[in-house]
Amino acid sequence: MNDPAPVLEMQDVSKSFAAPGGRVQVLRNVNLSVSQGEFVAITGPSGSGKSTFLHLVALLDHPTSGTVLFDGQDVSTLREPDLCEIRKQKVGMVFQKYCLLPHRSVHGNVLFRFRYLDNNRADAERQAVQALEIMGLTNIANRPVRLLSGGEMQRVAIARAIALRPRLLLADEPTGNMDWVSANTVMECFRRLNQSGITIVMVTHNDSLLSFCTRHLVCQAGSIES
């Protein structure tokens with residue numbers, strides 16, 4: 001049986017930024033492949049390059065040198081409109097601070113995922129409802145998100161991110177604001193999504209979450225190693 005095709009590949013990727021004292025090298029010659037169906041956790045100290053790495057993976061930035069492949073396509077030098085189309089259709093993102101619209105309902109927040117897409121209303125409604133069912137949120141679909149607990153808000157954020165069944169789901173410290181019980185509930189949701197075939201890359205400082213993942217990478221001084 002053939003190995004799963006890579007969703008993401010980095011080939012000799014480096015990233016630096018201009019600073020008053022000269023360019024600052026944040027990532028150095030990163031070589032990495034993430035296969036379909038993996039659940040990858042990335043840990044490392046603050047300032048090690050995790051956020052920069054996540055920006056590159058999310059197609060929000062370009063490498064200074066090297067090649068980034070998404071689904072086999074070289075995205076390293078694509079223009080922003082082209083990157084935006086890939087992000088809209090194939091990438092889901094979950095953040096520590098939820099980034100929800102507080103006065104909209106749970107259902108309205110998930111449906112907002114389709115705002116800038118060409119999906120017709122019926123298809124968008126169907127996919128939003130399905131995402132809510134997957135995340136166990138159907139019974140609170142009409143509740144304003146400002147009235148939810150932190151764990152519930154994060155589950156809404158995940159439902160929004162998976163409503164289009166992304167090729168890659170990115171999570172940036174998704175349990176950083178939660179108690180252990182809520183964090184465990186959210187991680188179980190991630191595990192079920194991964195078992196259903198969604199590829200996940202998660203950045204975290206919490207080593208206790210590593211047991212939910214299939215692979216652990218460490219970011220240290222601009223390098224990423226197994």
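Bear in mind that the values in this text are calculations on the coordinates, not laboratory data. Just so we're clear, the structure is a prediction, and the values are computed from it rather than from any experiment. Positions of Cβ are generated from backbone atoms using ideal geometry, with glycine treated the same way; all protein chains shown enter the neighbour counts.
What to note about this one:
- In sequence order, calculated HN-Hα J values of region 87-93 (Karplus, 6.51, -1.76, 1.60; Hz; x Gly/Pro): 4, 4, 8, 10, 10, x, 10
- Simple label model, 7 Å out from Cα along Cβ direction - residue 33 to residue 62, nm: 2.6 nm
- A Cβ-based charge dipole, computed about the Cα centre of region 1-56 with Lys and Arg at +1 and Asp and Glu at -1, lands at about 360 debye.
- Report summary: the helix-based calculation at 222 nm, which adds -39500 (n - 2.57) for every DSSP H run with n ≥ 4 and divides by the residues of the chain, gives -9000 deg cm²/dmol.
- The angle between the Cα long axis of helix 150-162 and the main principal axis of the chain comes to about 70°, on a 0 to 90 degree scale.
- Straight-distance crosslink candidates among aspartates and glutamates, where the alpha carbon sits under 13 Å from residue 88 and sequence neighbours closer than 8 are dropped: 80, 118
- Where a label projected 7 Å from the Cα of residue 221 along Cα→Cβ would reach, residues of region 39-73 with amide N under 13 Å: 48
- Cut-off under 5 Å, modelled amide H: who pairs with residue 96 long-range: 172
- Average silhouette area of the chain, convex hull of alpha-carbon atoms, in square nanometres: 13.5 nm²
- Sequentially through region 206-214, phi angles give Karplus couplings (6.51, -1.76, 1.60; θ = phi - 60°) of 9, 5, 5, 8, 5, 5, 7, 9, 9 Hz, Gly and Pro residues having no value and appearing as x.
- Annotation: amide H-H contacts under 5 Å for residue 199 (H modelled 1.01 Å from N, sequence separation of 5 or more, or interchain): 37, 169.
- Dipole of the chain computed with +1 at Lys/Arg Cβ and -1 at Asp/Glu Cβ about the Cα centre; of 158, 184, 106, farthest Cα towards the positive end is 106.
- Inter-probe distance in nm under a simple model that places probes 7 Å from Cα toward Cβ, at residue 146 and residue 89: 3.7 nm
- Furthest towards positive pole of dipole, 117, 218, 208, structure part region 113-226, Cβ charges: 117
- Using alpha-carbon coordinates, inclination of helix 180-195 to the longest axis of the chain, degrees: 80 degrees
- About the Cα centre, charge dipole magnitude for the chain (Lys/Arg +1, Asp/Glu -1 at Cβ), debye: 640 debye
- Couplings for region 72-80, taken from phi via the Karplus curve 6.51 cos²θ - 1.76 cosθ + 1.60 with θ = phi - 60°, read x, 9, 6, 9, 4, 10, 5, 6, 4 Hz in order; Gly and Pro are left as x.
- Placed amide H near residue 215: partners under 5 Å, 5+ positions off or other chain: 39, 41
- Think of each Lys and Arg Cβ as +1 and each Asp and Glu Cβ as -1; about the Cα centre, that makes the dipole of region 93-143 roughly 220 debye.
- Extension gain for residue 180-residue 121 works out to 17.5 nm (0.36 nm per residue, less the C-alpha to C-alpha distance).
- Distance (nanometres) between label positions extended 7 Å along Cα→Cβ at residue 133 and residue 73: 3.0 nm
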